[in-house]
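Where a number appears in this text, it was derived from the coordinates with a stated rule and is not lab data. Bear in mind that the values here come from a model prediction, so they are computed numbers and not experimental data.
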Amino acid sequence: MKRTTLICLVTMITTITSFSTQADERSNDWKATANDAWIDGKVEATLLFNGQLNTFDINTDVNNGKVILTGKVGSEVDKRLATELAESIDGVSEVDNRLSVVTPQDYEGKWDTFTNDMKDAKIATVIKTRLLLESELSGTDIDVDVSQGVVRLSGKVRNPSERDLAIAIAKNTADVSDVKSELSTDS
């Protein structure tokens, strides 16, 4: 009887220890993933809002504090600046800069179209970010499309005041030539 009780007790302790270890590992995985996502957001915001960096297309990925930069920039200076900005973020352990330098000669006469497309993408990103950060709006319900500097807002807002605020945010964004609203209201 004592032997059976002892075996059951040892089995139970082993099982509990195993579950506890697995829970700790899952908790650590979640914490690492959340930390990487936080770093990724900080790096993307820093690159986007830096006035000196001429970003054409920079993508970021973070794995265990290591930032990986991919995409395109307009010069070697921009490439080095992107590395320096990423390295300045708390929690970044290393930066792997895989950015390509793209020049007008790389686009054989299509440079203007390329730069306009990149400008439109940047305008859309800035407006969407501002809409999401505005506490008076539900920015997740607003779609932003940009073509040649003309912004088209669509989706739903709660009232005419929110619609007016979204339009004002878009109009007050650099490089916007016009704003077309297709926003509908709940009221």
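Structure above, values below:
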| item | result |
| --- | --- |
| Added length on full extension, which subtracts the Cα-Cα distance from 0.36 nm per residue, residue 154 to residue 168 | 3.6 nm |
| Distance violations [Cα-Cα > 22 Å] among 42/122; 119/156; 72/180; 79/171 | 119/156; 72/180; 79/171 |
